Amino acid sequence: MKDTIYITGHKNPDTDSICAAIAYAEFKNKTGHLDAIPVRLGDVNRETQFILNYFGVEVPKLIETVKVQVSDLHIDNVAPVSPDISLKMAWNIMKKNNSKTLPVVDENDLLMGIATISNLFSSFMDVWDNNILAKSGTTLENIVDTLSAKHVYIHDENLKLRGKIVTAAMGPESTESILEPGDIVICGDREDTQKVVVEKCASLMIITGNHIASSEIIELAKKSGCSILSTPYDSFTTSRLITQSIPISFVMARDNILSFDTDDFVEEIRDIMLETRYRSYPVIDTYGKVLGTISRYHLISQNRKKVILVDHNEKTQSVHGLEDAEVLEIIDHHRIADIQTGNPIYFRNEPVGSTSTIVASIFFENGIRPSKKVAGLLCAAIISDTLLFKSPTSTNVDKLMLKRLSEIANIDVDSFAKEMFKAGTSLSNRTVDEIFHQDFKVFTLNNLKIGISQISTMDLEGFHDMKSDMLSLMDKKAVENGFNLIVFMLTDILKGGSELFVAGKEKELVARAFNVKLTGPSVYLPDILSRKKQVIPPITAAITSLK
C-alpha cells in the first residue's frame, strides 16, 4: 500500500505556493512508491487560475486540516449483515472475524442496528418463551440453515410460523394433548407420534437423527399443510439449537446507536469512547453507509497524516492541525521561522526568488525532466514571484531555471508574462475583502502580531475608489484579530514601486522602518517590490530597535 503524503503551500495561496506543490508532488511520485497529493489551503487567485487553465492542470484539492480523522485509521473492515440472518450465522461470522460487534444494515446499506456478543448471549440465557420463533418472524430458511436440515416436504416456501415449539419426547397420547394447530414440533422416528403431529395440523415437523418420513406421513402432511424437515442432530441438540434461528433483528440494539463518521476527529471521538465504554462502534461514510467498526485499540495505533510544506515554514501560515501531523520535508525560500518537528527532516531553504526555482533544481539535480505541463507551471510561478525579475529577490538561478523550463514548456516568456499579469492583476469586479486576502500572511516578530497583504497590479486606477473601504477593513481586522500592525502593499508592476497602507496601534513602525513620515494612512515607496526581502527585514529591525 502506498503512503499518502499531502504537499501543501501556505494559507491564502499565491501562484508559487500552488505551482510548487503540484510540481513537487509530480517529482515525489516519479521517484518513490508514494501517493503524493498536492493540496491547497484556500481559494486560488485569478492569476493562478489563469495559469492552471492555460496549461490544463486541475486545481488541487482543498483541505482545511491535517488533524487525524477516523478516515486515517485502519478500522476493522467488518462487513455489515442483513437483519434477517440467524443468530447462529451471526455468531459464526463473529468467530471467523474475531469480532465482538456486527453492524446491521437495511436494503440500502444504511445502519439500522448493532448486534453484539452480549445480545447473542442474552438470547441464549434469557429466552424461555416457546413462542419465540413466531414472535421473532423466523424464516424457514433460517431454521434449515441452523439445524443443517434437509427438506422432506415443504408445504409453503414462505411459511409463516405462528405456533409454539414442542419437543414430542412422550407417547402419542401425551403428545396429542399438548399440540395445537400451527405448532413447530421436534420428534424422533416414531411414526405413530409423527402421525399425531401431522393430524393436529402442526405447521412444521422436524425429525431428528437424519430420519425421514414415510410416504404415508408425507401424504398426510400434504393434506394438513404440515411441512417436514430432517436434521442430523438428536432431539436435545435440535431443541437447543432451534432458537438460534431467530433473526438478528430480533435481538439487536436499535435505539441510541452511537456511530462515528469518517470525517470525525480522533481527539473528539476519544472522549466519547471514554464516556461510553462500548467495545466497538460502527463507522459510516458521508452517505450513511457502514464501512466497518472502530474500537479504543485503533486510537492507540493511529497514523498521523504525512505532509510536506512548500513556500512557507511559519506555523501561522500553515495548515490547521499541523501539530498532529508528521512533517516530512520543507522546501522554501523565506526566512526560517517557528515550525518544529519531532524528527530530523529534509529542509531545503535557498535565497532565491521563488520556491518553484528550488523545485525545478531538484528535478534537474536528480536527472528527471518535469512534464511539459509542470514545466509550464514552474515557469509561471518564477515569473510571478520575481515579477519577471524586477523584484530584488531575483537571482541568476531563477533566470537559469526559467530558461530551461520554458524550453520544455515551449512558451515565449515575455508574451506569456504579459498575458498572465494582465489576467491576474485586474481589480475590476473584485471586492476589497477578496483583494486584501488574496495574498495575506501573518508574522510574529518579537511577540508582535503583524499582518502583511500584497497585491501586484497593472491597474492602479481600478483601486482608487476602494481606498476608503480597504482602510476600514484593515482597521476592523486589527481590532478584532489583535494585530499590532497591518500593512497592505499595492505593488505597481509597471513603475516598480509599492504604496503601503497601514493600520493598527504600531503603524509608526512603518515610518521608522523606511525612514519616512506618515502624513496619512499610506506612503508610496519607490523600488519596493518584495514583501519578503524589502518589507519584513526593515520592520523587524524597527521592532528590535524599540527594545
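We did not get these values from a lab; they are worked out from the coordinates using the rules stated. Bear in mind that the values here come from a model prediction, so they are computed numbers and not experimental data. Glycine also receives a Cβ, built like all others from the backbone with ideal geometry; neighbour counts cover every protein chain displayed.
Run down the lysines and flag those whose C-alpha is under 22 Å from the C-alpha of residue 399, throwing out any fewer than 8 positions away in its chain. List returned: 372, 373, 390, 418, 422, 495, 532, 533. Quick note on segment 1-66: its Rg to Rh ratio, both from C-alpha atoms and Rh being the Kirkwood radius, is 0.98. The charge dipole of the chain, taken about its Cα centre with unit charges on the Cβ atoms of Lys, Arg (+1), Asp and Glu (-1) only, comes to about 1640 debye.
Per-residue packing, averaged as other Cβ atoms within 10 Å, sorts the ranges 245-251, 511-517 into the order 245-251, 511-517, beginning with the highest. Could you give the angle, 0 to 90 degrees to the nearest 10, between helix 372-386's Cα long axis and the longest principal axis of the Cα atoms of the chain? Result, in degrees: 40. Each residue of segment 273-283 is assigned a 3J(HN,Hα), and the resulting list reads 5, 5, 7, 9, 6, 6, 5, 7, 9, x, 10 Hz, derived from the Karplus form 6.51 cos²θ - 1.76 cosθ + 1.60 (θ = phi - 60°), x at Gly and Pro. For the chain, the normalised intensity computed at q = 0.09, 0.12 Å⁻¹ comes to -0.76, -1.08 (log10 of I(q)/I(0), Debye sum over alpha carbons, equal scatterers, no solvent).
Note on residue 276 and residue 508: with the Förster distance fixed at 45 Å, the Cβ-Cβ geometry gives a FRET efficiency of about 0.20.
Here the Karplus relation 6.51 cos²θ - 1.76 cosθ + 1.60, evaluated at θ = phi - 60°, turns the backbone of segment 308-317 into coupling constants of 10, 9, 10, 6, 5, 8, 10, 4, 5, 9 Hz, with x for every Gly and Pro. Non-local lysine pairs in segment 6-134, meaning eight or more places apart or on different chains, with alpha-carbon distances under 22 Å, amount to 6.
For segment 395-485, the direction-averaged projected area of the alpha-carbon convex hull comes to 8.4 nm².
In this simple spin-label model, placing a label point 7 Å from the Cα along the Cα-to-Cβ direction at both residue 65 and residue 430 gives a separation of 3.1 nm.
Projected onto its three principal axes, the C-alpha set of segment 128-245 covers 30, 25, 24 Å, listed from the longest axis down. Please find the FRET efficiency linking residue 240 to residue 170, where r is the Cβ-Cβ separation and R0 is fixed at 22 Å, and quote it to the nearest 0.05. Here the calculated transfer efficiency is 0.75.
Pairwise inverse Cα distances across segment 432-545, averaged and inverted, put the Kirkwood hydrodynamic radius at 14.0 Å. Taking the Cα atoms only, what angle lies between the long axis of helix 87-97 and the longest principal axis of the chain, rounded to 10 degrees? Helix 87-97 sits roughly 40 degrees off the main axis of the chain. Here the spin labels are modelled as points 7 Å beyond Cα on the Cα-Cβ line, and at residue 190 and residue 82 they lie 3.9 nm apart. Computed from Cα atoms, the angle from the helix 215-224 axis to the main principal axis of the chain rounds to 70 degrees. Using helices alone, what [θ] at 222 nm do you get for the chain, with -39,500 (n - 2.57) per DSSP H run of 4 or more residues, divided over all residues and rounded to the nearest 500? Rounded to the nearest 500, it is -10500 deg cm²/dmol.
Taken one residue at a time, the phi angles of segment 323-328 give Karplus couplings (6.51, -1.76, 1.60, θ = phi - 60°) of 5, 8, 9, 9, 7, 8 Hz. Gly and Pro are set to x. Multiplying the residue separation of residue 464 and residue 336 by 0.36 nm and subtracting their alpha-carbon distance yields 42.5 nm. Within the chain, DSSP assigns beta bridges of which about 45% are antiparallel (rounded to the nearest 5). For residue 195, the lysines whose Cα falls under 16 Å of its own Cα, not counting residues fewer than eight places away in the same chain, are 222, 223. For a label point 7 angstrom out from the Cα of residue 481 toward its Cβ, which stretches of segment 515-547 have the backbone nitrogen within less than 18 Å? It comes to 531-532, 536, nothing else.
If one puts a single equal scatterer on every Cα of segment 337-390 and applies the Debye formula without solvent, what log₁₀ I(q)/I(0) results at q = 0.14, 0.16, 0.24 Å⁻¹? Those come out to -0.48, -0.60, -0.97, one per q. What is the calculated FRET efficiency for residue 267 to residue 289, with r their C-beta to C-beta distance and R₀ = 25 Å, to the nearest 0.05? It comes out at approximately 0.50. Normalised by 2.2 N^0.38 Å, where N counts its residues, the alpha-carbon radius of gyration of segment 242-346 equals 1.60.
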